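The structure appears right after this line, and notes come after that.
The values are calculated or read from the model by the stated rules, or taken from the named source; none is laboratory data. Keep in mind it's a predicted model, so treat the numbers as computed, not measured. No Cβ is skipped: glycine too gets one built from the backbone with ideal geometry, and neighbour counts run over all protein chains shown. Ligands, DNA and RNA are stripped out before the accessible areas are found, and what is left, the full protein with its side chains, is counted by its heavy atoms. Shrake-Rupley method; radii C 1.70, N 1.55, O 1.52, S 1.80 Å.
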Amino acid sequence: MVLVNENFLNLQNSYLFSEIARKTREFIALHPEVTVIKLGIGDATRPLPLSVIQAFHHGVDELADQKTFHGYGPEQGYAFLRDLIVENEYRARGIDIDPDEIFISDGSKCDTGNILDIFGKNIVAISDPSYPVYVDTNVMAGNAGIATDNGQYADIVYLPCNQSNNFCPAIPNFHVDLIYLCSPNNPTGAILNKVEMKNWVDYALREKAIILFDAAYERFIVEDDIPHSIFEIPGALKVAIEFRSFSKTAGFTGTRCAFTVVPKSLNAYDSKQNVIPIHPLWNRRHCTKFNGVSYLVQKAAAAIYTDIGKNEVENIIKYYQKNAEIIRKGLKQAGLEFFGGINSPYIWVKAPQGQSSWELFDLFLEKLNIVGTPGSGFGPNGEGFFRLTAFGSIENTQEAMKRIQNYNFGLEK
Ligand code: PLP
């Protein structure tokens, strides 16, 4: 008799994206004459930049030639890419990271989930609402305890993020071990400033905790004085792991490439309270269960650090930022309350008349023919909110805002 990992039976069904797809499909079938605009997706839509495409082509030619063929590469990633990351993402900001501390991977989704392999049973703190991977992977790892009626889990410490705290999680006045922070945030679009990040780092130093810092949207930061990396905060190299992704930066959601920084100065403990360095554990885990990102993809990722590549990436980000600006202007003119969309591609819209997230979803779909994402799908504190994204085309984003402005939400403008 084969036993399953019963933690998986503890997972609650995620209806969010399947329910959005079903409702949208049914609406379109009933109203084939209308054009539905999708502003719910968190996926890149701009094509790969030319420098990346050329690097792919060049890489294929190399693999086609006996003299330049590459088979298995180093599991942690090729030195050419790790060096470029260190130079451009860290040393350029005065952060001293060793290339050996960079692990190239096929995505931050995998990394934020897989990282739990190297940790034992810990008290885990997660923002609510949050990117759903954090909670679900803790359920799979057996850290979450029993499911509760409101869709949460008994053993997870939820850090509410709502209007009263500017959607930034408050530091608990008790001990937790592992803390997930995501800035710029999906889904709220909020950002942690230097002081907030320092408070978290100080807490982690004091409590011997570790921060799992998800900076997948780092490239969207425009305001001065907002840290781009948690390692800008003194002491963070002793208490944090950072996740970065090329997905939204350069259109790598389909081709897959990301990296995780695991500092050599980061320690945890065994059950006898011996100090255990984290870096060798992650290195071992990565090399045992992962065989490296393809040479082609790493070559392509390296191309975004050329002068032309940097310029192209900047233009892609500017395109999405322009959409975010169009959305913010449109919502403002419509008199709707919203947050985010400045240092982030996500705009967090508050239900204008106390509707639930799904009621607002239905209203947007049926009256405005716009698809967004109900905030409650990211956790109970997302209830009453609705997520729009800047990843659509400019034309669709403009048209969506026209529809919103022409609709009477019953508010003073
Ligand atoms: N982290 C956050 C907060 C995200 O929103 C996403 C994707 O939507 C990811 C990580 C996943 O990124 P990747 O495409 O690198 O797996």
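Figures for the structure shown
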read-out: Qualifying residue in region 152-162 (condition: open to solvent by less than 30 Å² (accessible area, probe 1.4 Å) and assigned to a helix (DSSP H, G or I)); value: no
read-out: Every residue from region 252-264 that is more than 12 Å from Asp100 (Cα to Cα) and among the hydroxyl-bearing types (Ser, Thr, Tyr); value: Thr253, Thr255
read-out: Set Arg219, Arg206, Arg244, Arg256: member being over 21 Å from Ser344 (Cβ atoms), touching a residue at least 24 places away in the same chain (Cβ under 8 Å) and of a type in the set (Lys, Arg); value: Arg256
read-out: Candidates Gly382, Gly372, Gly410, filtered to the one that is over 23 Å from Pro129 (Cβ atoms) and either assigned by TED's automatic domain parsing to the domain that holds Leu39 or of a type outside the set (D, E, K, R) (or both); value: Gly410
read-out: Test for Leu178: is it at pLDDT 95 or above, more than 25 Å from Val349 (Cα to Cα) and touching a strand residue (DSSP E or B) at 6+ places or on another chain (Cβ under 7 Å); value: yes
read-out: Residue within region 169-184 that is part of a helix (DSSP H, G or I), within 13 Å of the ligand (Cβ to nearest atom) and in the same structural domain as Ala79 (by TED's automatic domain parsing) present; value: no
read-out: Qualifying residue in region 69-81 (condition: among the aliphatic types (A, V, I, L, M) and under 28 Å from Ser130 (Cα atoms)); value: no
read-out: Lone unmet requirement of (1) surrounded by fewer than 17 Cβ atoms within 10 Å (Cβ to Cβ); (2) away from the ligand (no atom under 16 Å from the Cβ) for Val133; value: (2)
read-out: Yes/no for Ala125 being more than 30 Å from Pro380 (Cβ to Cβ) and either in contact (Cβ under 8 Å) with a residue 24 or more places away in the chain or open to solvent by 60 Å² or more (accessible area, probe 1.4 Å) (or both); value: no
read-out: Residues located in region 281-311, provided they are aliphatic (A, V, I, L, M), within 14 Å of Ile53 (Cα to Cα) and within 16 Å of the ligand (Cβ to nearest atom); value: Val297, Ala300, Ala301, Ile304
read-out: Test for Ala144: is it under 11 Å from Val124 (Cα atoms), open to solvent by less than 40 Å² (accessible area, probe 1.4 Å) and of a type in the set (Gly, Ala, Ser); value: yes
read-out: Residue tally, condition surrounded by 15 or more Cβ atoms within 10 Å (Cβ to Cβ), more than 16 Å from the ligand (Cβ to nearest atom) and part of a helix (DSSP H, G or I), over region 224-280; value: 7
read-out: Helices (runs of 4 or more DSSP H) wholly inside region 2-117 containing at least 1 residues that are modelled with pLDDT of 95 or more, away from the ligand (no atom under 16 Å from the Cβ) and surrounded by fewer than 17 Cβ atoms within 10 Å (Cβ to Cβ); value: 16-30, 50-63, 79-85
read-out: Single match in Ile191, Ile211 (criterion: within 15 Å of the ligand (Cβ to nearest atom), in a loop (DSSP other than H, G, I, E, B) and closer than 24 Å to Cys110 by Cα); value: Ile191
